[in-house]
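Note sheet for the following structure.
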Amino acid sequence: MKRRRSLLALKATALAMAACASGGRAASPAIADEEPRVPHHRRRRRPAQPPRRAQGDSNDGGSPAVPADTLTDQILCGYQGWFAYPNDGSPLNRWKHWFSSHDDPSAEHLHIDLYPTMDEYDEEDLQESNLRMRDGSFAKKYSTSRPNVVLKHFEWMRDYGISGVFHMRFMEGLDRDANREWKTNVLRNVRDAAESTGRVFAVSYNIAGRTLDNSVLDDLKEDWKRLIDEEQIAQSDRYLHHDGRPVLRIFGIGFKSVQVTNLEKLAGLIEWLQNPEEERYRVFLVGGVPAHWRGRTKDARTNPAWRGIYDSLDGIHPWHVGRWKTINGFQRVYNRMISRDARYCNQRDILYLPTMWPGFSWHNQKKARGHDSPINVVPRLGGRFLWAQAYRYAADPNIHTIWMAQFDEVDEGTAIYKVAKDQSEVPAEGTWLTLDADGESLPSDWYLRLCGVAQLMLRGEIALTERIPIQTEAS
């Protein structure tokens, strides 16, 4: 059934392209309430019930091993894993993402707004920067090239009941040997950590980038072959599958800002990934698309032929970060767009993954590029901003999977892992966002806890509630 839908959608794409090329106008019917192409059984949200346990428990306590055979009822975090420092054992051998400079780790080159707590990492995995803490010591940073750093992150996921991650694999720069080996080594660390903790993981390609064009699609295909044949990445029992296929996400499909515009070439890659001659390359394909993909407005490309591309995907994940700034703003976007997107996808047997995010801040990143942006531009409101999304998504009968943006994104202030709770825990130099920015005292693990409880609510293991169901005292 899925193959038939894919081929029909790709055929529609070709017809629309031909119509546009000949000066004709492709039909663009109403998109919210039209008849579905494929009937789909819409499952009702389950009442609260005991947790489902996968075969085997996770190691060393924590939550039970996560089922690796389904995206259903999962909250998956985006995992950047892009942090490095000189002499960390990687082929990069320089500072990466902590600072805008590769060799000057000082306050004027800060690239992050949130400061991760460093007390749970092994000392041998940390590197001093030129930033001073308030006690006069040098501020330390970690590298995800170090296996125990990634393992610590996955131990937190296990301890707080978070399912796992999509690990970002940026195509820009992947043609350089050192860069490719660095990224692949981090992916190996992710795989090993997931296997050690009973979490799940999947690869997420990013085809956005100033230097990328349509040729990136060929490069992506060859890289996926390498990951399957050389790394045997999907052979891990912790690699996430859905409908019996390894899950793969490609971010950057249909964005106005992304220079991948050859629809025939893109349709060919989608068809190859879904129906390759060699079965081992076959995937369940999730497209990372613009927030306005369905209406093809604003951040999305407007050519009607893009609809055939979207309809050919197995899953759709719109990027919603920054699309609202308040809880009321989210409610409006949910009512006008997200709930309708979810219904549209469910009618077509397409898995829909909305984005959940805790807040936003990229003051230092923008400053390093000569621009101005206030610290804490989208406040977290003590977690209420995130929880409003968690509740609406969990209550929606057409939503069964959520993308949590992001586990470790301290550059743009969306990280949910352990970060400084107040100004006493950050370096004395630079401008920093801490968890008490909105006047509430919170512990460093507050957003790990919220995400874990949201996971329980999505699975129906606790009752739906509009209010955060846990309380905390800052520690």
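The values are calculated or read from the model by the stated rules, or taken from the named source; none is laboratory data. Everything numeric here is computed off the predicted structure, so don't read it as measured data. Using ideal geometry, Cβ is built from the backbone for each residue, glycine included, and neighbour counts are taken over all protein chains shown. Heavy atoms of the whole protein, side chains included, go into the accessibility calculation; ligands, DNA and RNA do not. Shrake-Rupley method; radii C 1.70, N 1.55, O 1.52, S 1.80 Å.
Magnitude of the charge dipole for the stretch 247-290, about its Cα centre and with charges confined to Cβ atoms of Lys, Arg (+1) and Asp, Glu (-1), is about 260 debye. The alpha-carbon of K367 sits under 20 angstrom from the alpha-carbons of these lysines, leaving out residues fewer than 8 places away in its chain: K96. For the stretch 148-205, the square roots a ≥ b ≥ c of the C-alpha gyration tensor eigenvalues yield an a/c of 1.5 or more together with a/b exceeding b/c, which makes the shape prolate. Kindly express, to the nearest 10 degrees and within the range 0 to 90, the angle between helix 216-229's C-alpha long axis and the longest C-alpha principal axis of the chain. The helix 216-229 is inclined about 70 degrees to the chain. Placing pseudo-labels 7 Å out from each Cα toward the beta carbon at D69 and E466 gives an inter-label distance of 3.9 nm.
At 1.002 mPa s and 20 °C, plugging the Kirkwood radius over alpha-carbon pairs of the stretch 371-475 into Stokes-Einstein gives what diffusion coefficient in µm²/s? Please list the in-between numbers first.
Working: Rh = 14.8 Å.
Stokes-Einstein gives a translational diffusion coefficient of 145 µm²/s.
Taking the charge dipole of the chain about its Cα centre, with +1 at Lys and Arg Cβ atoms and -1 at Asp and Glu Cβ atoms, the residue from N179, H241, L92 reaching farthest to the positive side is H241. Taking Cα atoms, how many degrees apart are the long axis of helix 384-395 and the longest axis of the chain, rounded to 10 and kept between 0 and 90? Here the helix axis deviates by roughly 30 degrees. Heavy-atom accessible surface of K265, to the nearest 10 Å², is about 70 Å², with a 1.4 Å probe and all protein chains retained. Amide H to amide H, with H built 1.01 Å from N, G164 comes under 5 Å of C77, V200, counting only residues 5 or more places away or on other chains. Derived scalar couplings between HN and Hα for the stretch 185-191 equal 5, 5, 4, 4, 4, 4, 4 Hz in order, rounded to whole Hz, by the Karplus curve 6.51 cos²θ - 1.76 cosθ + 1.60 (θ = phi - 60°), x for Gly and Pro. Looking at the chain, the DSSP beta bridges with both ends there are about 25 percent antiparallel. The shape of the stretch 250-359 comes out prolate: with a ≥ b ≥ c from the C-alpha gyration tensor, a/c is at least 1.5 and a/b beats b/c.
Across all Cα atoms of the chain, the radius of gyration (one decimal) and Dmax (whole number) stand at 21.8, 70 Å.
Note down the nm distance, to one decimal, between modelled labels 7 Å out along Cα→Cβ at R226 and at T261. A separation of 2.9 nm, rounded to one decimal place. Structure note, pairs K141/K225; K325/K366; K298/K325; K256/K366: Cα-Cα distances above 24 angstrom occur for K141/K225. Relative to the longest principal axis of the Cα atoms of the chain, helix 2-21 runs at roughly 80 degrees. Working note: 222 nm ellipticity from helices only, DSSP H runs with n ≥ 4, each -39,500 (n - 2.57), summed and divided by the residues of the chain, gives -9000 deg cm²/dmol to the nearest 500. Solvent exposure of the stretch 203-332, expressed per residue, is 38 Å² of accessible area, with all protein chains present and a 1.4 angstrom probe. If R0 is taken as 35 Å, the Cβ-Cβ distance between R336 and S100 corresponds to a FRET efficiency of 0.40. In order along the stretch 193-198, the Karplus-derived 3J(HN,Hα) couplings, from 6.51 cos²θ - 1.76 cosθ + 1.60 at θ = phi - 60°, round to 5, 4, 5, 6, 10, x Hz, and Gly and Pro are given as x. Residues whose amide H comes within less than 5 Å of that of Q74, counting only those at least five positions distant or on another chain, are I402 (H built at 1.01 Å from N in the peptide plane).
Per atom type, the stretch 283-342 shows carbon and sulfur on 45% of its accessible surface, probed at 1.4 Å. With a/c under 1.5 counting as rounded, go ahead and sort the stretch 81-181 into rounded, prolate or oblate using the C-alpha gyration tensor (a ≥ b ≥ c being the square roots of the eigenvalues; past the cut-off, prolate if a/b is larger than b/c, else oblate). In terms of gyration-tensor shape, oblate. Stretching the chain fully between A428 and D243 yields a gain of 61.5 nm (0.36 nm per residue, less the alpha carbon separation). Across the stretch 397-409, coupling constants 3J(HN,Hα) worked out from phi with the 6.51/-1.76/1.60 Karplus curve, θ = phi - 60°, read x, 9, 10, 10, 9, 10, 8, 9, 9, 10, 5, 10, 7 Hz, and Gly and Pro carry x.
Multiplying the residue separation of D119 and I327 by 0.36 nm and subtracting their alpha-carbon distance yields 71.5 nm.
Building the convex hull from the alpha-carbon atoms of the stretch 78-133 and averaging its projection over directions returns 4.5 nm².
Counting only protein heavy atoms, what percent of the accessible surface of the stretch 69-190 is carbon or sulfur at a 1.4 Å probe?
Working: 1770 of 4330 Å².
Carbon and sulfur atoms account for 41 percent of the accessible area of the stretch 69-190.
The modelled label-to-label distance between N376 and R176, using points 7 Å beyond Cα along the C-beta direction, is 3.7 nm. DSSP finds beta bridges in the stretch 55-185, and of those with both partners inside it, around 60 percent are antiparallel. Computed on the Cα atoms alone, the convex hull of the stretch 320-389 gives a volume of 99 cubic angstrom per residue. Rolling a 1.4 Å probe across the protein heavy atoms gives the stretch 365-422 an accessible surface of 28 Å² per residue.
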